[in-house]
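Beneath this line is the structure, given in structure tokens, with notes to follow.
The values are calculated or read from the model by the stated rules, or taken from the named source; none is laboratory data. Being a predicted model, the structure only gives us computed values, none of them experimental. Note that we place each Cβ from the backbone using ideal geometry, even for glycine, and neighbour counts take in every protein chain shown.
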Amino acid sequence: MKPTTLFFVCGVLAVGAAGNIQQVLAEAGEQPVVAADGTVHVPAFDMPLSRYMSELARRRFIEQARAAPPKDGGAFTSITKSRADVDEHFRPLVARARSIYSVEVKDQKLGGVATQIVTPTAGVPAENRNRVLLNLHGGGFTVGAGLEGLLESIPVSAMGRFKVITVDYREAPEYHFPAASEDVASVYRELLQHYRAENIGIYGCSAGGILSAMAAAWLQKTGLPTPGAIGIFGAGAFGDFEGSPANANTWGGDSRFTAPMLGQGAPPGAGSQPGELPPEMYYIGNTDPADPLVSPALSGAVLARFPPTLLLTGTRAYDMSAAVQTQRELTKVGVEADLHVWDGMGHCFFYDVDLPESQEAYAVMTRFFRTHLRNASRHNP
């Protein structure tokens, strides 16, 4: 094969002495085929780990990718078992987080909703005393209450020196949309008795990231004031994260096809997968997933009333394209939308508190909320 130089000029791939890219790949016997509809049929190729990943992140990826699968293949048997399995997974991760970050945790009902309040052991400093964060845990709207919420809250509380309230919102299969949005609104309404809306931030990862967007839309519907800022992490503002990526209301784009080949989620259209939930367990239920209260990214009018929004993802995360598109739609309507993407990282990678990339992510989160949340007293004019 002739020596070849590949380079980008204004976004177009240019090829040096050996001719065009098709010729180069044909000589190597590895030519992709582009179908009439634009689908690219890619031959097998090797995908090394990104050189931008930390050494620890590289080791973690290898350990997890080569770990033995669950004895039951991950198949769904009951919601009780699924929740117990998720708790078993997160328990040591939370213990590790608490060994690094010194926080106090207490249970409290707010607006009739169970919550856990996480605060730095040394107390909330004066500059954050009138600020508060609501965390909406991940877990596919079916699992994750308690421990997953704590894992998302502990580093942010300790590093940012914020009070963080993680919400045990109602989940499927017992409840369906809009139960979780209603619960967030109930807690938020209670907080408005003590905090200004512009002092309150809302964030979550995965399903919690979607719920952060849903909640922002729901607060508009109910006439409650707009929060100071929100964070959509490991997600996009599209309500259906399992459906066909061809649907506008679903997480779609390139990452829905590339990420599964790198061990992140099931390939679209692959049929029944181990762990796949019965239809009645999906939180959206019979609600149209294109409803702006479910998929706010589909409504410019709804997005235009969003507060400043932070989006975090990774290049190997199946949520990446949805996050990128959400930032694009927010920007179109003039909302400040800050997008951070970590190369080589997967879905909600910062659940591993030891990774250097996680430390970076926590710093981005806390800096964003410090920048965008006011600290004025609720009783100030």
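Points worth noting:
- Subset of the range 218-246 [under 20 Å from Ser186 (Cβ atoms), buried (at least 22 other Cβ atoms within 10 Å of the Cβ) and of a type in the set (Val, Ile, Thr)]: Ile230
- Residues that are surrounded by fewer than 24 Cβ atoms within 10 Å (Cβ to Cβ) and touching a strand residue (DSSP E or B) at 6+ places or on another chain (Cβ under 8 Å), drawn from the range 279-305: Ile284, Pro289
- Taken together, Val341, Val364, Val353 contain a single residue that is closer than 28 Å to Leu224 by Cβ and assigned by TED's automatic domain parsing to the domain that holds Val143, which is Val364.
- Qualifying residue in the range 22-31 (condition: under 28 Å from Met345 (Cβ atoms) and at pLDDT below 85): yes
- Meets criteria (over 17 Å from the mean Cα position of the chain (by Cα) and at pLDDT 95 or above) for Pro356: yes
- Count - residues of the range 306-345 that are in contact (Cβ under 8 Å) with a residue 60 or more places away in the chain, part of a loop (DSSP other than H, G, I, E, B) and within 22 Å of Leu219 (Cβ to Cβ): 3
- Tallying residues that are crowded, with 23+ Cβ neighbours inside 10 Å and either at pLDDT below 95 or of a type in the set (A, V, I, L, M) (or both) within the range 151-176 yields 7.
- Lone qualifier among Ile79, Ile100 - being surrounded by fewer than 19 Cβ atoms within 10 Å (Cβ to Cβ), at pLDDT 95 or above and not small (Gly, Ala, Ser): Ile100
- Taking residues in the range 34-58 that are more than 30 Å from Asp354 (Cα to Cα), and partners anywhere that are assigned to a loop (DSSP other than H, G, I, E, B), the pairs with Cβ atoms closer than 6 Å and at least 6 places apart or on different chains are Val40/Pro32; Val42/Pro32; Pro43/Glu30.
- Each residue in the range 185-231 was checked for being closer than 20 Å to Gly149 by Cβ, more than 17 Å from the chain's Cα centre (by Cα) and among the β-branched types (Val, Ile, Thr), and 2 pass.
- In the range 53-71, the residues that are more than 23 Å from the chain's Cα centre (by Cα) and of a type in the set (D, E, K, R): Glu55, Arg66, Lys71
- Every pair of residues 6+ apart whose Cβ atoms lie under 8 Å, when the first sits in the range 219-246 and is under 18 Å from Val324 (Cα atoms) and in the same structural domain as Pro292 (by TED's automatic domain parsing) while the second is in a loop (DSSP other than H, G, I, E, B) and among the charged types (D, E, K, R): Gly234/Asp319; Ala235/Asp319; Gly236/Asp319; Gly239/Asp291; Phe241/Asp319
- Boolean, Ala180 is touching a Phe, Trp or Tyr at 6+ places or on another chain (Cβ under 6 Å), in a helix (DSSP H, G or I), of a type in the set (Gly, Ala, Ser) and in the same structural domain as Pro92 (by TED's automatic domain parsing): yes
- Selection status of Leu373, under 18 Å from the mean Cα position of the chain (by Cα) and either assigned by TED's automatic domain parsing to the domain that holds Glu198 or at pLDDT 95 or above (or both): no
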